[in-house]
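The values are calculated or read from the model by the stated rules, or taken from the named source; none is laboratory data. Just so it is clear, the model here is predicted, and its values are computed rather than measured. Glycine gets a Cβ as well: all are built from the backbone with ideal geometry, and neighbour counts include every protein chain shown.
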Amino acid sequence: MKAARTGAGMGDAILFEVRGSVAVITINRPEQRNAINSAVRTGLFDAWRRLEEDEGLRVAILTAAGDRAFCAGMDLKEMAAGGVGIVPKNFLPILGDNVQVSKPVIAAVNGAAFAGGWLFAQMCDLCIAADHASFGITEAKVGRGMPWAAPLVHMLPQRVLMELMLTGEPMAARRACELGYVNKVVPAAELMDSALAMAQQIAANAPLTVQAAREVVYLSCEMGRSAALRAATHVFDRVYRSEDAQEGPRAFAEKRRPQWRNR
């Protein structure tokens with residue numbers, strides 16, 4: 001299916017393609033290493049809104065054009081021209097912060113993910129990387145800050161994170177996978193097929209259960225064991241009471257695919 005623009009008048013900085021119940025969102029500035037400019041920011045805000053509002057979409061993939069860079073971070077030329085100092089809260093569309101999306105998002109990292117590009121991979125729920133991809137928190141090299149990196153203490157060992165933030169040196173995708181930051185590393189030619197396969201696996205599952213499971217993972221990162229168990233029981237209460245909770249066992253007994261109604 002042909003990719004569609006997220007909004008009129010923005011050019012093609014962000015592409016939005018629907019493949020069944022999966023949305024493929026593509027940063028499309030390959031000549032600029034997919035750096036984040038105003039068109040990318042506006043386009044992503046629109047894309048996340050479209051994903052959340054479309055009831056037919058169950059999962060999204062965030063990727064980028066070309067094979068050099070997933071995202072090289074902020075467009076420093078645009079920032080220098082605009083004299084950006086402290087970044088306003090709603091400057092970047094950050095999932096789980098100023099953008100709330102209830103559906104799983106997979107980062108398909110096709111090259112270098114530096115600074116804001118690392119952030120875009122970090123904010124996704126899952127990450128698949130091409131074997132030549134790399135990840136770097138490079139702000140120290142240009143005198144900028146990375147307050148968004150605070151949640152990484154739950155995703156990487158402390159001393160690994162310290163090294164990444166203080167040196168600004170990148171980490172190879174395979175090392176990131178060994179540390180658990182990346183779910184899977186694949187040959188570049190297989191990146192989108194692998195991401196789509198994972199997305200379709202998720203999309204085939206009961207949507208209420210998927211949404212609740214995703215919520216429980218994030219809640220558990222912020223709570224102790226007992227509080228997390230109580231919160232998880234509350235989150236899954238709606239799932240147990242749903243029509244889909246009856247449909248799943250019924251479909252299994254009748255040896256057919258379940259027909260999820262998301263209610």
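Observations on the structure shown:
- Residue list for the range 242-263, filter: surrounded by 12 or more Cβ atoms within 10 Å (Cβ to Cβ) and either among the hydroxyl-bearing types (Ser, Thr, Tyr) or part of a loop (DSSP other than H, G, I, E, B) (or both): 242, 258, 260, 261, 262
- Flag for residue 239 being of a type in the set (Val, Ile, Thr) and closer than 21 Å to residue 155 by Cβ: no
One line per residue, one yes/no per condition, for (1) in contact (Cβ under 8 Å) with a residue 12 or more places away in the chain; (2) farther than 21 Å from residue 185 by Cβ:
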position	(1), (2)
44	yes, yes
90	no, yes
99	yes, yes
118	yes, no
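- Applying the criterion of being of a type in the set (Lys, Arg) and over 19 Å from the mean Cα position of the chain (by Cα) to the residues of the range 158-214, the residue that is surrounded by the fewest Cβ atoms within 10 Å (Cβ to Cβ) is 159.
- Matching entry among 220, 226 (being in contact with a helix residue (DSSP H, G or I) (Cβ under 7 Å, 6 or more places away or on another chain) and not assigned by TED's automatic domain parsing to the domain that holds residue 65): 220
- Among the residues of the range 27-46, those identified as surrounded by fewer than 23 Cβ atoms within 10 Å (Cβ to Cβ) and either within 15 Å of the chain's Cα centre (by Cα) or on the phi < 0 side of the Ramachandran plot (or both) are 28, 30, 31, 32, 37, 38, 39, 41, 42, 45, 46.
- Test: residue in the range 64-76 that is surrounded by 15 or more Cβ atoms within 10 Å (Cβ to Cβ), of a type in the set (Lys, Arg) and touching a residue at least 60 places away in the same chain (Cβ under 8 Å): no
- Figure legend. Inter-residue proximity from the range 178-191: first residues in the same structural domain as residue 136 (by TED's automatic domain parsing) and under 16 Å from residue 66 (Cα atoms), second residues part of a strand (DSSP E or B) and not hydrophobic (A, V, I, L, M, F, W, C), beta-carbon distance below 9 Å, spacing 6+ or different chains. Indicated pairs: 191/63.
- Condition met for residue 136 (surrounded by fewer than 18 Cβ atoms within 10 Å (Cβ to Cβ) and either within 24 Å of residue 33 (Cβ to Cβ) or at pLDDT below 95 (or both)): no
- Residues in the range 200-242 that are over 21 Å from residue 54 (Cβ atoms) and among the acidic types (Asp, Glu): 222, 237.
- Single residue of the range 72-119 satisfying the filter (among the β-branched types (Val, Ile, Thr) and closer than 21 Å to residue 142 by Cα) that is modelled with the lowest pLDDT: 84
- Residue match in the range 60-74 (condition: over 15 Å from residue 35 (Cα atoms), out of contact with any Asp or Glu (no Cβ under 7 Å at 6 or more places or on another chain) and assigned by TED's automatic domain parsing to the domain that holds residue 185): yes
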